[in-house]
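A short write-up of the structure that comes next.
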Amino acid sequence: MGKIINKKNMFFPDKEFKKKALINNNSIYKKALKNPTKFWADIAKELYWFNKPKKTFVHKPPYFQWFTGGKINISYNCLDKNLEERRNKVALIWEPEPLEERERILTYYELSRQVNKFSNALKQLGVKKGDVVGIYMPMLPETIIAMLACARIGAVHAVVFSAFSSNALKIRLEGTKAKILITADGYYRRGKIVNLKDSADEGIKGTNVKKVVVVKRAGNQIKFKKGRDYYWNELTENQKDHCEAAKMNSEDTLFILFTSGSTGKPKGIIHTCGGYTVQAYATTKLIFDLKDDDIFWSTADLGWITGHTYSCYGPLLNGTTFVLYEGVPGYPEPNQWCKTIEKYGVTTFYTAPTAIRMFEKEMRTIKEKMSTLQLISSVGEPIDEEAWKWYFNQVGKGNCPILDTWWQTETGGILITSLPGIGPFKPTFTGIPFPGIRTDILNKEGKPVKANEKGNLVILPPFSPGMLRGVYKNPKKYQETYFGTYGNKIYFTSDVAYKDKNGLIRIVGRADDVIKVAGHRLSTGELENIIDSYKKVSECAVIGIPHEIKGEVPLAFVVLKSGKPGDEMKKEIVQQVEKGIGKIARPAEIYFVKELPKTRSGKIMRRILRKLFSKEDMGDLSTLANPESVEELKKIIQ
C-alpha cells in the first residue's frame with residue numbers, strides 16, 4: 001500500500017499507489033470527453049451480450065436510449081460470466097447481527113445455484129417477463145438472490161426498504177401493481193427482532209398482491225395464510241438449479257426504485273437492463289479500483305440505490321468478494337464496524353457522512369489497525385471538513401485515498417468523484433465528472449458560472465447509460481422535474497455547486513436549500529459546514545424561514561458532542577458563523593436537539609424541519625429512521 005501526499009490541503013496518491021492503480025493518468029478523461037459514446041461502447045464490450053448493440057446512443061429529447069438492439073441479462077453477467085474463472089471464489093460474506101451466529105459464505109457457484117433455484121420458484125408462482133415483483137426484505141443473502149432471480153427471468157423488481165412502514169410499502173405496491181411480494185418473518189435491529197411479516201400483511205391490504213414468499217430468518221411467530229403465503233425454503237428445495245437467463249432488450253426495465261420522498265411524495269424511478277449494467281460495472285471497477293483479491297464493503301442498505309449498485313450488482317459484475325452486514329455497523333459495540341473490517345480483511349470501505357460523524361462522536365480515536373484498508377469512500381450527502389479529516393486520519397490512517405462521491409437515485413451510479421490512482425482528494429470537494437460524463441454549473445439564465453461562483457449543477461448529453469429512463473407512469477413528472485428548467489436537452493440535478501480554480505466540484509446543497517437573506521444568497525450546506533467545523537458540534541441542519549424584513553433568515557438545529565447547550569454555546573456557534581461567512585449568515589435561532597430527522601440512508605430531512613414552522617401537512621414520514629424525533633422537535637420549538 002502506498003502513501004497519500006498532502007500538497008496544501010490537496011491530497012494525491014504516491015508513486016507506489018499509482019503504479020498499482022487500474023487508472024493512473026488523465027488520458028482517460030481526455031479520450032472519454034472527446035467521444036463519450038465510444039468510451040461507453042468500449043466498456044460495454046467487456047460484458048456479455050446475447051446480441052451486440054446496433055446503436056450506442058439515441059437521443060429524442062427529453063428521452064434517450066443506450067445500446068439499442070442489444071440483448072443482455074445482468075444476472076447472467078453477475079453469475080454465469082464469473083463461473084468460468086471464479087467458480088469457487090467467495091462472492092458474498094454475510095455477517096449476522098447476533099454475533100453468536102455464524103456468518104454465511106456463498107461462492108459464485110453456490111450463489112448461482114440458489115439464484116437459479118429461486119428463479120424457477122418464481123416461474124412456478126406464475127411470474128413472467130415484465131411482471132413487477134415487490135421485495136420487502138432486510139439485509140439478507142436472500143434479498144440479493146431475489147433481485148438476481150427477478151432479473152434472470154426478466155421480471156421487474158421493486159425493492160422497498162425493510163424499515164419503511166406498512167403504509168409506505170402499500171404506496172409503492174399500489175404504484176407498481178405488483179402481484180407478488182417477497183419478505184421475511186423478521187430481522188434483527190439493535191438486539192431486537194422486528195416483525196417484518198406483520199408490516200407486510202398490513203401493507204398488502206387493498207393492493208394487487210396475491211402471493212407472498214416468506215424467508216425464515218428470525219424464527220418469530222407470524223401469521224401465515226395458506227394459499228397466499230409460501231415459505232422460501234419449501235418453494236426452492238425441489239427446484240432445478242438451472243434456469244435459462246432471459247434475453248432482455250437493453251431498454252427493457254430492470255427495476256423500479258422509489259425516491260426517499262424528500263419532496264413529500266415518492267417517485268418511481270425507472271432503470272433499464274443494458275445501460276444500468278454497463279454503468280454499474282464500470283463505476284464500481286474504476287472508482288473503487290477493484291482487483292481480484294479485494295474485499296469490498298458498502299454499508300448501504302439494499303433498499304436504496306447505493307445498495308442496489310454498490311452492495312449488490314456492481315461488486316458481482318466485477319467478480320468481487322463483498323460483505324453484507326445485517327445490523328447497524330455501530331452495534332452491539334461502537335467499534336463493531338472496525339472489527340468487521342479486521343475480521344474479513346476489508347480493503348475498500350464505502351459509507352455515509354452520517355455514519356462517519358456517528359463513529360467520530362462515539363470513538364474519537366480508533367485503536368484497531370484495520371491494516372487491510374486501501375481505499376475509503378463516502379456517499380449520501382456532502383461531507384464536512386472535520387468529518388473528512390477524521391475519516392482520513394483515524395480510519396484510513398493517512399494512507400488511503402478518501403473518495404467523496406456524488407450521484408442520485410436517478411443517475412443509477414456515481415457521476416462525480418476523484419479516481420483513486422489520480423486524485424486529487426480535497427476536503428468537502430467531490431471531485432470531477434467520471435470519464436464519459438459531461439456536467440456544467442449554470443446560473444438562472446442558463447449560462448456557465450465562473451470559478452468559485454455557485455450555480456445549478458446539470459448533466460449534459462449523452463448523460464450516462466445508467467440514468468433514469470422515466471418516472472413510472474408519470475411522464476409529466478419526468479419532464480417537469482428533470483428537463484423543465486433548462487430545456488429538454490439538459491438534465492437538472494436540483495443541486496447547487498461550484499468549481500474551484502482546479503475544476504474540482506463542491507456540492508453545497510439542494511437548489512431549494514438556498515436562503516436569500518436581505519438579498520444575499522446563502523447555501524444551507526455552506527452554513528452547515530461552518531457550524532459542523534466547530535469542535536463541540538457533532539452535526540447540524542440549517543433551514544431558512546420567512547422574515548418580514550430580511551426575506552428569509554437561517555435557523556440551525558445542532559447536535560452536540562461535548563459541552564452544555566445554552567446561551568453561551570449559542571454565542572460560540574454564532575461567532576463561528578460570523579468568522580466563517582460573516583454577520584449576514586448569523587442564525588436567527590439555534591435549537592439544540594438530540595437527533596435530526598433522517599432517512600435510513602442517513603439523509604437529513606430538512607423538508608420536515610421547514611414544515612415545523614409552517615401550517616403545511618408534514619407529508620410522508622414513513623421514510624424516517626427516527627420518526628420520534630419529530631415530536632421532540634415540536635416540543636423544542638414551541
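The values are calculated or read from the model by the stated rules, or taken from the named source; none is laboratory data. Note that the structure is predicted; figures quoted are calculated from it, not measured. No Cβ is skipped: glycine too gets one built from the backbone with ideal geometry, and neighbour counts run over all protein chains shown.
Applying the criterion of being among the charged types (D, E, K, R) and modelled with pLDDT under 85 to the residues of the stretch 590-605, the residue that is farthest from I171 (Cα to Cα) is K603. Just so you know, in the stretch 11-23 the residues that are over 26 Å from the mean Cα position of the chain (by Cα) and not basic (K, R) include one that is farthest from D500 (Cα to Cα), and it is E16. Reported count of residues in the stretch 615-638, each being without any contact (Cβ under 8 Å) to a residue 24 or more places away in the chain, out of contact with any Ser or Thr (no Cβ under 9 Å at 6 or more places or on another chain) and not basic (K, R), is 6. All but one of (1) in contact (Cβ under 8 Å) with a residue 60 or more places away in the chain; (2) closer than 24 Å to L316 by Cα; (3) of a type in the set (A, V, I, L, M) hold for M10; state the number of the condition that does not hold. Of (1) in contact (Cβ under 8 Å) with a residue 60 or more places away in the chain; (2) closer than 24 Å to L316 by Cα; (3) of a type in the set (A, V, I, L, M), only one is false for M10: (2).
Got a number for residues in the stretch 607-622 being touching a Lys or Arg at 6+ places or on another chain (Cβ under 9 Å), buried (at least 19 other Cβ atoms within 10 Å of the Cβ) and at pLDDT below 85? Break it down stepwise before answering.
Pass one, the stretch 607-622, residues touching a Lys or Arg at 6+ places or on another chain (Cβ under 9 Å): 612, 616-620.
From the residues that got through so far, the ones that are buried (at least 19 other Cβ atoms within 10 Å of the Cβ) too are 612, 620.
Filter once more, so that each one left must be at pLDDT below 85: 620.
The number of residues fulfilling the criteria is 1.
Apart from one condition, F64 fits all of (1) surrounded by 13 or more Cβ atoms within 10 Å (Cβ to Cβ); (2) in contact with a helix residue (DSSP H, G or I) (Cβ under 8 Å, 6 or more places away or on another chain); the exception is (2). Could you tell me whether the stretch 204-213 includes any residue that is farther than 21 Å from L302 by Cα, touching a residue at least 12 places away in the same chain (Cβ under 8 Å) and of a type in the set (G, A, S)? Yes, the stretch 204-213 contains a residue that is farther than 21 Å from L302 by Cα, touching a residue at least 12 places away in the same chain (Cβ under 8 Å) and of a type in the set (G, A, S). With respect to being assigned by TED's automatic domain parsing to the domain that holds Y276, surrounded by fewer than 17 Cβ atoms within 10 Å (Cβ to Cβ), among the hydrophobic types (A, V, I, L, M, F, W, C) and under 29 Å from I490 (Cβ atoms), L33 fits the description. Go through the residues of the stretch 313-331 one by one and say whether even a single one is in contact with a Gly (Cβ under 6 Å, 6 or more places away or on another chain) and surrounded by 23 or more Cβ atoms within 10 Å (Cβ to Cβ). No: the stretch 313-331 contains no residue that is in contact with a Gly (Cβ under 6 Å, 6 or more places away or on another chain) and surrounded by 23 or more Cβ atoms within 10 Å (Cβ to Cβ).
Within the bounds of the stretch 551-559, is there any residue that is within 23 Å of E385 (Cβ to Cβ), of a type outside the set (D, E) and surrounded by fewer than 23 Cβ atoms within 10 Å (Cβ to Cβ)? Full working, then the answer.
Restricting attention to the stretch 551-559, the residues satisfying the condition of being within 23 Å of E385 (Cβ to Cβ) are 554-559.
Filter again for of a type outside the set (D, E), leaving 554-559.
Next, only the ones that are surrounded by fewer than 23 Cβ atoms within 10 Å (Cβ to Cβ) stay: 555, 559.
Checked the stretch 551-559: at least one residue is within 23 Å of E385 (Cβ to Cβ), of a type outside the set (D, E) and surrounded by fewer than 23 Cβ atoms within 10 Å (Cβ to Cβ).
The single condition among (1) over 18 Å from L302 (Cβ atoms); (2) surrounded by fewer than 23 Cβ atoms within 10 Å (Cβ to Cβ) that N116 does not meet is (2). All of K561, K571, K516 fail the test of being at pLDDT 85 or above and out of contact with any Lys or Arg (no Cβ under 6 Å at 6 or more places or on another chain), apart from K571. Within the stretch 623-638, the set of residues being at pLDDT 85 or above and polar (S, T, N, Q) comprises N626, S629. Residues in the stretch 311-325: is at least one within 18 Å of E103 (Cα to Cα) and assigned to a helix (DSSP H, G or I)? Scanning the stretch 311-325, I find at least one residue that is within 18 Å of E103 (Cα to Cα) and assigned to a helix (DSSP H, G or I), so the answer is yes.
Listed here are the strands (runs of 3 or more DSSP E) enclosed by the stretch 405-500 that have at least 2 residues being touching a residue at least 40 places away in the same chain (Cβ under 8 Å) and of a type in the set (S, T, Y): 491-499. Across the stretch 149-163, a minimum of one residue is classified as crowded, with 18+ Cβ neighbours inside 10 Å, touching a strand residue (DSSP E or B) at 6+ places or on another chain (Cβ under 7 Å), among the polar types (S, T, N, Q) and more than 22 Å from T340 (Cα to Cα). Comparison of E333, E360, E368 shows that the only residue that is touching a Ser or Thr at 6+ places or on another chain (Cβ under 9 Å) and of a type in the set (D, E, K, R) is E360.
Among the residues of the stretch 566-612, the one identified as free of Cβ contacts under 8 Å to residues at least 12 places away in the same chain and polar (S, T, N, Q) is Q575. With respect to the stated conditions, E362 fails to be closer than 26 Å to V542 by Cβ, crowded, with 21+ Cβ neighbours inside 10 Å and in the same structural domain as K15 (by TED's automatic domain parsing). Only a single criterion out of (1) of a type in the set (G, A, S); (2) touching a helix residue (DSSP H, G or I) at 6+ places or on another chain (Cβ under 8 Å); (3) under 24 Å from R104 (Cβ atoms); (4) modelled with pLDDT under 95 is not satisfied by A280, namely (4).
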